[in-house]
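Throughout, read-outs are computed from the coordinates displayed, never taken from laboratory work. This is a predicted model, so every value here is computed, not measured. Ideal geometry is used to build each Cβ from the backbone, glycine not excepted, and the neighbour counts take in all protein chains shown.
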Amino acid sequence: MIPYSWVESANDPSADFPLHNLPYGVFDRGEGARIGVAIGDQILDLREVAADVPSPALVQACTATSLNSFMSLGPGHWTALRNWITERLRAGAATRPLIPMTDVTMKFPVEIGDYTDFFTSLYHATNAGKIFHPDQPVRPNYKHMPIGYHSRASSVVLSGTPVQRPYGQTKPPTVNQPSFGPCRLLDYELEVGFFAGPGNALGKPVSIDAAPSRIFGACLLNDWSGRDIQFWESQPLGPFLSKSFCTSISPWIVPMAALEPFRIPVFPRPAGDPAPLAHLHSREEQQRGGIDLNLEVYLFTPRMRSVGASPMCLTRGNFRDMYWTVAQMLTHHTSNGCNLRPGDLLGSGTVSGGTPDSLGCLLELTRAGTEAIHLPNGEERRFLEDGDEVILRGYCERGEPGSAEHLRIGFGECRGVILPA
Ligand code: CA
């Protein structure tokens, strides 16, 4: 049964933030940063109601200015607050003042201590591998562990923050000497970000069975990438300055509890692929490790903006296509004893599927710039140009709209416009 809210805008079947979503974010309406929960087009101010929440630990978490404290508390407290908020916003509960989203500025929600970016779509790994090392597109380790690299937490920015085209050192194969200048092959990567909840002590790995309870929630993530910089620098140690200049995240963090109805079996491994090693394998994870999450990329060029046109959809993908799950990412990350801390960010890697319309970056869509994308207004793109805006959207949906079984939650948007170098 669809749960209804007394907040009318939350009951629209196409709403991103119905009663069964309740994502957390940090907002400011001129009184400093506060934690809030999105409901329809409104925000419940958790500081305002903190005196009534179920436990002293939650009172403290709800009056903080970032989500780290709440993330550190773990699933028992997360469930207690989620149930309390649900009762307060459910149809029939007393209506109380909320804050219109249009009255606030969203702030960065989490103090991210560390950010790790993975590479968990086999489709993306194969397509990108064919470009970066055609001799062996998918390396022998890929199907045995979720490959990742330590990325940069300091340059993770909130959706809406402009993205400056980076400078970098490049050397196209056609020239003999490298040169330093503005990135010419600027790209986006469609990803999902996951936030660690209670961390783990140094030297104490998190088992695959425990991993789901250590993940707080998810957001949209754009791992901006300078491909010409990446081509030249990432041999042999992988991405560095081609990635560290900026990563954008969406402002609302969808709790894993809201994703429960959309959990599905893991990506079916092609025949002949190895099973995960025992420490990355559990029956529960195999049955519910996937997430049926639709993801979209839109491009909005200055010319489209100037004539009032709509952004063009470049990609429709789904997180179900990922070869490794978020629990496997977290377990692998901690399997050597490395400690994660509350609010650490894990990027999924580019979400690409097996069809041409589900490729999650321009590198794949344009085959490294060899095939242009033709926009409806006659423009062409191989990589991003100054003034281009990239918009990521995501939603989970099941059942037919209008039916009693219909259930939908959205992630909102993650946007960024490119500024000149
Ligand atoms: Ca990436």
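Points to keep in mind about this one:
- Peptide packing: for 340-348, 370-378, 150-158, the average count of neighbouring Cβ atoms within 10 Å per residue gives the ranking 340-348, 150-158, 370-378, highest mean first.
- Averaging Cα coordinates gives a centre for segment 236-270 and one for segment 388-421; these two points are 14 Å apart.
- Pairs of lysine residues in segment 115-419 - Cα separation under 20 Å, sequence separation of 8 or more or cross-chain: 4
- In plain terms, the chain from PHE240 to ALA94 could stretch by 47.3 nm, reckoned as 0.36 nm per residue minus the Cα-Cα distance.
- Expressed as a whole percent, the proportion of Cα-Cα pairs in the chain lying more than 42 Å apart is 12%.
- The residue list ILE147, ALA327, LEU202 was ranked by how far each Cα lies along the charge dipole of the chain toward its positive end, using unit charges on Cβ atoms, and LEU202 comes out on top.
- Descending by average beta-carbon neighbour count within 10 Å, the peptides 239-251, 61-73 line up as 239-251, 61-73, the highest first.
- Shape analysis of segment 85-129 based on the Cα gyration tensor places the equivalent ellipsoid semi-axes at 41, 17, 12 Å, largest first.
- Candidates ASN336, ASN176, ASN83, ranked by Gaussian network fluctuation over the chain, Cα under 10 Å, top entry: ASN176
- Nitroxide proxy distance, nm - points 7 Å out along Cα→Cβ at GLU48 and ASP357: 4.2 nm
- Computed about its Cα centre, the charge dipole of segment 8-107 is approximately 280 debye, with only Lys, Arg, Asp and Glu carrying charge at their Cβ.
- Each Lys and Arg contributes +1 and each Asp and Glu -1, all at the Cβ; summed about the Cα centre of segment 46-154, the dipole is approximately 220 debye.
- Computed over neighbours whose Cβ is under 12 Å from that of GLU189, the net charge equals -3, Lys and Arg +1, Asp and Glu -1.
- Computed lengthening from ALA275 to SER9, 0.36 nm per intervening residue step minus Cα-Cα distance: 91.2 nm
- Dipole size of the chain about its Cα centre, with +1 on Lys/Arg Cβ and -1 on Asp/Glu Cβ: approximately 660 debye, rounded to the nearest 20.
- Think of it as helices only: each DSSP H run of n ≥ 4 in the chain is worth -39500 (n - 2.57), and spread over all residues that comes to -4500 deg cm²/dmol at 222 nm.
- Residue among SER282, PRO268, VAL297 farthest towards the positive dipole end of segment 237-322, charges placed on Cβ: VAL297
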